[in-house]
Every structure is written in C-alpha cells, then in structure tokens.
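Novice: One structure coming up, written as structure tokens, with questions to follow.
The values are calculated or read from the model by the stated rules, or taken from the named source; none is laboratory data. Since the structure is predicted, the reported quantities are computational estimates derived from the model, not experimental observations. Note that we place each Cβ from the backbone using ideal geometry, even for glycine, and neighbour counts take in every protein chain shown. Protein only, heavy atoms only, side chains kept; ligands, DNA and RNA dropped before computing areas. Shrake-Rupley method; radii C 1.70, N 1.55, O 1.52, S 1.80 Å.
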Amino acid sequence: MTVRHLLRMQDLSAKEMCALLDLAEAMKRGDDSRRHLAGRCLGLLFDVPSTRTRVSFQVAASQLGADSFPYGVDELRLANRESIEDTIGVLNRYLDALVVRWYDMRDPGAGHRRLRTMADLATIPVINALDDEEHPCQVLADLLTLRELYGGDVPARRVVYAWSYSPRQKTPGVLHSSMMAAALLGHRVTVAHPPGFAPQERVTRAARDIAARTGASVELTEDLAEAVRGSAVVYTLSWKSPTLAGQEEIQARTRLADRWRITEPLMRLAGDEAVFLDCMPTNRGEEVDAEVKDGPRSRIFQQAENRLHVQKALLTQLFDGTLTGVPR
C-alpha cells in the first residue's frame, strides 16, 4: 500500500474532505468513539512553538488509543547537523506516523521543502502541522466549523480572509490552504490585503484554475471595508509579504497597524448574522479588537475545539485505508 501524506490541501480530493468531515462530525457527537489507533505511536516534531496543534494532536492520539511523543528539533541530533535522511530513516522504524511543524520566515519556502523531503523518505504518514506554505489541519477544522454554522449552505456564503496587522512575520500557510480548500469545494472567498501583501501569485493562479472547474469564487481586493460588507464570515489572518523583505516589510506593516485591524465598526458592515473566526494566536488590539474577539459573533473556541475532531478523523482515515494511494 502506498503511504499517504498530508502536506497540502490538494493532497485531498473534495470527496475525501467531505468524508473526513463526516467522520469528524460523528466523532464530535460521540457516535464513533472507537480506539482506532490502539497500539500505534505518533511522533510530533515541532521546530516552532504550538498550543492548539500540539495539544489537539496529543489528545487525539490518546482518545484513539495511541501514544504520542513530542520532540523539539533542538532535542534531537538534527540540532547537531544529523541529516534529515538519517533522522527519518530512524523514525520510520520507531513511529507509525509523524506530525511536523517546521518553518523560518527568514527563509520562506525552506520549511515546506524540508517537509517534502521527509515525506519522500518516509515509510510512515507525514502530516503538515504548519509550514511556510500551508496548514491543512487548521483549515479542515475551519471547514467543520463552517459546516456546523451553515450546513449545506456553505457554498452560498462568502468568507473574507482579511490581512490584519501583527508585529510578527507570520506564515501564509492558513491563507494558502484556505484558498485551495475553497476552490476544491466550490466555496466563495475574498482575500482582503494591503498593497504588497497579496497571496503568492502561484497559489492564486492554482486556486482560480481549480475554481473555474468547480464553480468556486476566489477574489482578491485591497479594499477591506468593501470586502467585509455583506459577508457571512470575517476571518482575521496575518502573513508575511511575499514581495517585500527586511526593514521594508517591517516598516510597511507598521504603517498599516491602525487601518488593518478587525474592529466592531468593521464587523457591522458584514451581514447581520456574520461571525468572526480566528485560528489564533492573535493579540487583542493588534489583529483584532477585544470587543470582536470576545464578542457574541466570535466562534474562535468552537474553531479551536474542532482541531481535535478533524485530527482524530484524519489519523483514523490515514490508518484504516480510506486515504490511500495517489490523491485524485
């Protein structure tokens, strides 16, 4: 059997995503509480700190009957220049699957290339827990949240992914995976970004090529207010500019701090029943105001909980043969 990895959203077909979400819903309801991974060992290799991803994978493994073993890169011989080839060659023989978070925004793209190398060498599933290109696990949880909110009406609802100021240079992983998932599933999305912070051109092209076949809509705009107006979901994100570098990028984002933030007046432009989503971490007063993040429209903790359920479903299907072979 060919080993199946999850490194990017396109590693799943639309049909597979829907089946995975069906299982996640059943697990969340308690209809499926079987220990599908009894006796398995899950490795968690993290070069970047994590709260939701790390803890949800550990709890998911435990509830499925598996043991999980978290490692920082600096705890392994990788920190002393042992090769990825040697490291994966060893981990292949100890673990049943490996979850990896690895990126450095000073060297965009290197993290995803490293994960790709690991997957090419691995005889066990490798799961992307956020690199500098994608974050499929977070977006699966977002899709479950949208399904819970809107049922089968999700494709008719417009979701706005809004760039928001942060002093940190964050990975565009969630944005890229969100665009690809929307295209594959026929959803409507608008990406609102300031000048210089558009998504990577190749990602936009790929999403729009898929959208042309599925009936999805992937729009980009530099007008935040018009993007939010009449939308069903406002999702705050921050990501490093793909075209600006060094101090130029830092100065550009600093100038945008006051104008590119999710505020209550901005949310009032959205639909009356519009909700606020945020994959976190975010700081109140930077990416979003406290009255929005903590207000009645916020669904951020529902979103965070759903990380557990989709990851249980993902791990189950990686091992039960549902996700096998070459993605369609």
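Novice: Could you give the angle, 0 to 90 degrees to the nearest 10, between helix 84-94's Cα long axis and the longest principal axis of the Cα atoms of the chain?
Specialist: Taking the Cα atoms of the chain, the angle to 84-94 is about 60 degrees.
Novice: Related question: Please build a GNM for the chain, connecting alpha carbons under 10 Å apart, and tell me which residue among Leu140, Leu37, Leu244 fluctuates the most.
Specialist: Leu244
Novice: Report, as a whole number in µm² per second, the diffusion coefficient that Stokes-Einstein gives for segment 139-234 at 20 °C and 1.002 mPa s using the Kirkwood radius over alpha carbon pairs.
Specialist: In µm²/s, the coefficient is 158.
Novice: Shifting gears a bit: What number comes out for accessible area per residue over segment 255-328 if the probe is 1.4 Å? Units Å², please.
Specialist: Per-residue value: 45 Å².
Novice: OK, next. Quick one: among Ala207, Ala110, Ala192, which has the greatest mean-square fluctuation in a GNM of the chain with alpha-carbon springs under 10 angstrom?
Specialist: Residue with maximal mean-square fluctuation among Ala207, Ala110, Ala192: Ala110.
Novice: I've got another one for you. Percent of Cα-Cα pairs more than 17 Å apart in segment 188-302, please.
Specialist: 59 percent
Novice: Let me ask another. Put a dot 7 Å past each Cα toward the Cβ at Glu286 and Arg208; how far apart are the dots in nm?
Specialist: Those two pseudo-labels are separated by 3.2 nm.
Novice: Out of Ala66, Cys18, Val48, whose Cα points farthest toward the positive end of the dipole of segment 1-154 (charges: +1 Lys, Arg; -1 Asp, Glu; placed on Cβ)?
Specialist: So the residue we want is Ala66.
Novice: Okay, moving on. Can you give the calculated 222 nm mean residue ellipticity of the chain, where each DSSP H run of n ≥ 4 adds -39,500 (n - 2.57) and the sum is split over every residue, rounded to the nearest 500 deg cm²/dmol?
Specialist: Roughly -13000 deg cm²/dmol at 222 nm, from the helical runs in the chain.
Novice: Using a Gaussian network for the chain with springs between C-alpha atoms less than 10 Å apart, which of these wobbles most: Pro172, Pro108, Pro281?
Specialist: Result: Pro281 has the largest fluctuation of those listed.
Novice: Order Arg106, Arg202, Arg297 by their accessible area, 1.4 angstrom probe, all chains in place, largest first.
Specialist: The ranking, largest first, comes out as Arg106, Arg202, Arg297.
Novice: Report P(r) for segment 74-160: all Cα-Cα distances, bin width 5 Å, range 0 to the bin holding the largest distance, values in whole percent.
Specialist: 3, 13, 17, 19, 15, 10, 9, 7, 5, 3, 0
Novice: Relative to the longest principal axis of the chain, what angle (0 to 90°, nearest 10) does the C-alpha long axis of helix 110-121 take?
Specialist: 30 degrees
Novice: Further question: Could you work out what % of the accessible surface of the chain is carbon and sulfur, using a 1.4 angstrom probe and leaving DNA, RNA and ligands out of the count?
Specialist: Carbon-and-sulfur percentage of accessible area, whole number: 47.
Novice: Any idea of the accessible area per residue across segment 1-100, 1.4 Å probe, to the nearest Å²?
Specialist: 51 Å²
Novice: While we're looking at this one, here's another question. Sort Val73, Val3 from largest to smallest accessible area, using a 1.4 Å probe on the heavy atoms of the protein chains.
Specialist: Ranked from most to least accessible, the order is Val3, Val73.
Novice: Divide the volume of the convex hull of the Cα atoms of the chain by its number of residues and quote the answer in cubic angstrom per residue.
Specialist: Taking only Cα atoms, the chain has a hull volume of 125 Å³ per residue.
Novice: Report the GluC sites (Glu not before Pro) located in segment 1-90 that are in a DSSP loop and have at most 12 other Cβ atoms inside 10 Å of their Cβ, or state none.
Specialist: Those that pass, being in a loop and sparsely packed, are Glu82.
Novice: If you take the charge dipole of segment 34-162 about its Cα centre, with +1 on Lys and Arg Cβ and -1 on Asp and Glu Cβ, which of Gly39, Leu98, Ala110 is farthest toward its positive end?
Specialist: Gly39
Novice: Something else about it: Would you please give the residues with an amide H less than 5 Å from that of Ser231, counting only those at least 5 places away or on a separate chain, with H modeled from the backbone geometry?
Specialist: Gly271
Novice: Got a sec? What order do Thr263, Thr2 fall in by accessible area at 1.4 Å, biggest, i.e. largest, first?
Specialist: Sorted by accessible area, descending: Thr2, Thr263.
Novice: Stokes-Einstein at 20 °C, 1.002 mPa s, Kirkwood radius from Cα pairs: D for segment 238-304 in µm² s⁻¹?
Specialist: 162 µm²/s
Novice: Shifting gears a bit: In debye, nearest 20, what is the charge dipole magnitude of the chain about its Cα centre with +1 on Lys and Arg Cβ and -1 on Asp and Glu Cβ, if you could check?
Specialist: That gives a dipole near 320 debye.
Novice: Next up: Does anyone have the angle between helix 136-150 and the longest principal axis of the chain? Alpha-carbon axes, 0 to 90°, nearest 10?
Specialist: Taking the Cα atoms of the chain, the angle to 136-150 is about 60 degrees.
Novice: Right, something else. Write down the percent of antiparallel bridges among all DSSP beta bridges whose residues are both part of segment 85-242, to the nearest 5.
Specialist: Bridges in segment 85-242 are about 0 percent antiparallel.
Novice: Roughly what % of DSSP beta bridges within the chain run antiparallel, to the nearest 5?
Specialist: Expressed as a percentage, antiparallel bridges in the chain total about 0.
Novice: Still on this structure: In debye, nearest 20: dipole of segment 193-307 around its Cα centre with unit charges on the Cβ of K, R (+) and D, E (-)?
Specialist: 320 debye
Novice: Return the long-range amide H neighbours of Gly109 (sequence gap of 5 or more, or a different chain), with a cut-off of under 5 Å between placed amide H atoms.
Specialist: Excluding prolines and chain starts, which carry no amide H, the hits are Asp132.
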